[in-house]
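Peer 1: Handing you this structure, nothing more for now.
The values are calculated or read from the model by the stated rules, or taken from the named source; none is laboratory data. Because the structure is predicted, anything quoted here is derived from the model rather than measured. For neighbour counting, all protein chains shown are included, and Cβ atoms are generated from backbone atoms with ideal geometry for every residue, glycine included.
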Amino acid sequence: MASFNCPNSACNLTFPSIEAVQLHLSSRDAPVDSNANDSEWEELIDDDHYAHPPDFYDDGERPTFPEPASPPSPQEIPPVASQVGLHRINHPNAPIAKPGGHNLLEAMDLDRYALERQTNPYYPFASKMDWDVAHFIHDTSLTQQQIDRFLRLDYVRSHPLLFRSARDLRSCVESLPQVPRWKHDTFELPGYRMKVPMTLYYCDGVEVAQHLFANPISKHCLELCPYRLHERTPTGLGGRVFGEFISANFAWEYQSQLRPGACFLGIILASDKTPLTIGTGGKEMHPVLLSIANIVPASE
């Protein structure tokens, strides 16, 4: 039976199919058991039993939860960049935001679980305790079997949680607001003999950019309008100062070619060879890391 390794060099899990690897990469939960078969994976995706946690405890009482923390004020957000002593000139063709879109918080207020979140900000988890345990399990990167063993401990059973197994936890996680999902394409290179086809795992760049723009936290970390920086002198403006990509000549000139009110995203690509196996096949991975040049480096 063929097996497929996770392309993450820090992960040693193997999976029965490419689709299982893709689901593992997209998961915001702990790594799943590498011995799960395809039918179990389908059940994880389709199981809707725990996608709707109960609104009441067993005694019939509705729990009360603290109000979610308010977002930081503009005074609490660090400045985008230090431009002390410099004069900034923004491009005359400044980008214009059009109404009609929704950020992540607004989208959550419109989804099918919005009513539940009005009384429980930790939904789909039943309480803050449920969320804290789930968050801990995620950060420890336990396997599915290890999660099940942990949840079967007598102490854990004496403090009932909404989820009683790794599978239940996975169902809760799958009902959280979605993030860009991992995808895959399998291909062969003409003229090269290959034992198995190559598999490319990737996230849609447009979806990732949209997710960044929809995150209110990223609002103050994105530069959309090209600008020029000049030194200040007693007699006026001094020499040109180059800092971020958005302050360079290319960004200024490219913005001049766009229609009024438009903006562009600069793409940064980087790649480096990473060994997957040493002494047992010599497999290597060549990850390509992409980012957008509009993000202020200090906030990355």
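Peer 1: Has the range 248-266 got at least one residue that is of a type in the set (S, T, N, Q), over 30 Å from the mean Cα position of the chain (by Cα) and outside any loop (DSSP other than H, G, I, E, B)?
Peer 2: Our first condition is that a residue be of a type in the set (S, T, N, Q); within the range 248-266, this holds for 249, 255-257.
Going one step further and asking which of them are over 30 Å from the mean Cα position of the chain (by Cα), we end up with 249, 256-257.
Of the ones still in play, those that are also outside any loop (DSSP other than H, G, I, E, B) are 249, 256.
Checked the range 248-266: at least one residue is of a type in the set (S, T, N, Q), over 30 Å from the mean Cα position of the chain (by Cα) and outside any loop (DSSP other than H, G, I, E, B).
Peer 1: Another question, if that's okay. When the range 181-191 is examined, which residues are found to be more than 12 Å from the chain's Cα centre (by Cα) and not in a strand (DSSP E or B)?
Peer 2: Once the filter is applied, which keeps residues that are more than 12 Å from the chain's Cα centre (by Cα) and not in a strand (DSSP E or B), the range 181-191 yields 188, 189, 190, 191.
Peer 1: Against the conditions (1) more than 30 Å from residue 284 (Cβ to Cβ); (2) of a type outside the set (Gly, Ala, Ser); (3) assigned to a loop (DSSP other than H, G, I, E, B), where does residue 194 fall short? Just the number, please.
Peer 2: Every condition holds for residue 194 apart from (1).
Peer 1: Identify all residues within the range 124-145 that are assigned to a loop (DSSP other than H, G, I, E, B), out of contact with any Leu (no Cβ under 9 Å at 6 or more places or on another chain) and not polar (S, T, N, Q); write none if there are none.
Peer 2: Listed by number, the list holds a single entry, 142.
Peer 1: Here are some conditions: (1) in contact with an Asp or Glu (Cβ under 8 Å, 6 or more places away or on another chain); (2) polar (S, T, N, Q); (3) not in a helix (DSSP H, G or I). Residue 178 meets all but one. Which one does it not meet?
Peer 2: Condition (1) is where residue 178 drops out.
Peer 1: Residue by residue through the range 157-176, note down the ones that are more than 28 Å from residue 4 (Cβ to Cβ) and either within 22 Å of the chain's Cα centre (by Cα) or touching a residue at least 12 places away in the same chain (Cβ under 8 Å) (or both).
Peer 2: If the condition is that a residue be more than 28 Å from residue 4 (Cβ to Cβ) and either within 22 Å of the chain's Cα centre (by Cα) or touching a residue at least 12 places away in the same chain (Cβ under 8 Å) (or both), then 159, 161, 162, 164 are the ones that fit.
Peer 1: Of everything in the range 93-138, what is without any contact (Cβ under 8 Å) to a residue 12 or more places away in the chain and under 19 Å from residue 158 (Cα atoms)? Give them in sequence order.
Peer 2: Matches in the range 93-138: 131, 132, 136.
Peer 1: Within the range 253-282, which residues are farther than 25 Å from residue 210 by Cβ and touching a residue at least 40 places away in the same chain (Cβ under 8 Å)? Give the derivation first.
Peer 2: In the first step, residues of the range 253-282 are kept if they are farther than 25 Å from residue 210 by Cβ; the result is 253, 256, 272-282.
256, 274, 275, 276 - these are the residues of the range 253-282 that are farther than 25 Å from residue 210 by Cβ and touching a residue at least 40 places away in the same chain (Cβ under 8 Å).
Peer 1: Is it true that residue 182 is surrounded by 15 or more Cβ atoms within 10 Å (Cβ to Cβ), among the aromatic types (Phe, Trp, Tyr) and in contact with a helix residue (DSSP H, G or I) (Cβ under 9 Å, 6 or more places away or on another chain)?
Peer 2: Details: surrounded by 15 or more Cβ atoms within 10 Å (Cβ to Cβ): yes; among the aromatic types (Phe, Trp, Tyr): yes; in contact with a helix residue (DSSP H, G or I) (Cβ under 9 Å, 6 or more places away or on another chain): yes.
Yes, satisfied.
Peer 1: May I pose another question? Just one of (1) among the acidic types (Asp, Glu); (2) surrounded by fewer than 16 Cβ atoms within 10 Å (Cβ to Cβ); (3) farther than 23 Å from residue 178 by Cβ trips up residue 223, so point out which.
Peer 2: (2)
Yes or no, residue by residue, for (1) modelled with pLDDT of 85 or more; (2) surrounded by 12 or more Cβ atoms within 10 Å (Cβ to Cβ); (3) touching a Gly at 6+ places or on another chain (Cβ under 7 Å):
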| residue | (1), (2), (3) |
| --- | --- |
| 96 | yes, no, yes |
| 119 | yes, yes, no |
| 150 | yes, yes, no |
| 153 | yes, no, no |
| 157 | yes, no, no |
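Peer 1: Working only within the range 182-222, note down all residues that are in contact (Cβ under 8 Å) with a residue 12 or more places away in the chain and acidic (Asp, Glu).
Peer 2: Hits for the range 182-222 are 185, 204, 207.
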